[in-house]
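Novice: The structure under discussion is supplied below as structure tokens; questions concerning it will follow.
The values are calculated or read from the model by the stated rules, or taken from the named source; none is laboratory data. From a predicted model like this one, the values you see are computed outputs, not experimental measurements. Positions of Cβ are generated from backbone atoms using ideal geometry, with glycine treated the same way; all protein chains shown enter the neighbour counts. The accessibility values were calculated without ligands, DNA or RNA, using every heavy atom of the protein model including side chains. Shrake-Rupley method; radii C 1.70, N 1.55, O 1.52, S 1.80 Å.
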Amino acid sequence: MHLEEKTTDSKPVFSGKVVDLRVDTVELEDGSSATREVISHPGGACVVPLDDNGDIIMVKQFRYPFGTQLIEVPAGKLNYGEDPYETALRELKEETGAVCDKVTDLGVCYPTVAYDTEKIHMYLCEGLHFEDRHLDEDEFLDVIRMPFEKAVEMVMNNEIPDAKSQIAILKSMVIINGRTD
């Protein structure tokens, strides 16, 4: 079959807290074999929280794989079987203390299509109200408020390299700029 691969063997290599790794053997369309390394991930959800002043609420945290602090939209990992919408609202509250009146679904992005099953569900959250935040015990981050236009500028200047943040911010910009209200 054209542009399809058939799994002929699969070997689990590692099972962790966040990801699992397996090595698959696949049959290609010309009948030859190839190896595919696949990371299985339950997925995640992220939010673009916009307040009534047009400011976006972001988080800054250390990202160990890159050895640096990154500015991102609030986000978190889904538990297997968990509703992405509920995850998004939970992470918004945990990381920023915000709850919202209005949620717009921004769709799903696949951040690493070559070897990772992760899907990130994205939401625009408006009508924010603030309560206490409740970070996970191993989570340390700063909450940053900035004009939404500044966040778009930072995406375009490569100052926000995180894929989910880039996509969610730019999709939110298109939605906001298309409103006639």
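Novice: Working only within the range 5-52, note down all residues that are in contact (Cβ under 8 Å) with a residue 40 or more places away in the chain, within 24 Å of H121 (Cα to Cα) and outside any loop (DSSP other than H, G, I, E, B).
Specialist: Once the filter is applied, which keeps residues that are in contact (Cβ under 8 Å) with a residue 40 or more places away in the chain, within 24 Å of H121 (Cα to Cα) and outside any loop (DSSP other than H, G, I, E, B), the range 5-52 yields E37, V38, I39, S40, G44, A45, C46, V47, V48, P49, L50.
Novice: Let me ask something additional. Take E137 and decide whether it is farther than 22 Å from G54 by Cα and either assigned to a loop (DSSP other than H, G, I, E, B) or open to solvent by 40 Å² or more (accessible area, probe 1.4 Å) (or both).
Specialist: Answer is yes for this residue.
Novice: Does at least one position in the range 86-103 carry a residue that is closer than 30 Å to G16 by Cβ, without any contact (Cβ under 8 Å) to a residue 60 or more places away in the chain, among the aliphatic types (A, V, I, L, M) and open to solvent by 30 Å² or more (accessible area, probe 1.4 Å)?
Specialist: Yes, the range 86-103 has at least one match.
Novice: Another one. Where the second residue is open to solvent by less than 50 Å² (accessible area, probe 1.4 Å) and the first is within 15 Å of G127 (Cβ to Cβ) and lies in the range 167-181, which pairs have Cβ atoms under 6 Å and are six or more apart or on separate chains?
Specialist: Once the first residue is within 15 Å of G127 (Cβ to Cβ) and sits in the range 167-181, its partners that are open to solvent by less than 50 Å² (accessible area, probe 1.4 Å) give S172/V48; S172/L124.
Novice: Evaluate the following for D55: is it more than 21 Å from P111 (Cα to Cα), touching a helix residue (DSSP H, G or I) at 6+ places or on another chain (Cβ under 7 Å) and not aliphatic (A, V, I, L, M)?
Specialist: Numbers: more than 21 Å from P111 (Cα to Cα): yes; touching a helix residue (DSSP H, G or I) at 6+ places or on another chain (Cβ under 7 Å): yes; not aliphatic (A, V, I, L, M): yes.
When the stated conditions are applied, D55 passes them.
Novice: Of the numbered conditions (1) touching a residue at least 24 places away in the same chain (Cβ under 8 Å); (2) over 30 Å from H129 (Cα atoms), Y64 fails exactly one; give the number of that condition.
Specialist: (1)
Novice: Also, quick follow-up: Considering only residues of the range 109-131 that are open to solvent by 50 Å² or more (accessible area, probe 1.4 Å) and in contact (Cβ under 8 Å) with a residue 60 or more places away in the chain, which is farthest from M173 (Cα to Cα)?
Specialist: That would be Y115.
Novice: What's the total number of residues in the range 71-82 that are open to solvent by less than 30 Å² (accessible area, probe 1.4 Å) and either over 20 Å from M156 (Cβ atoms) or of a type outside the set (V, I, T) (or both)?
Specialist: 5
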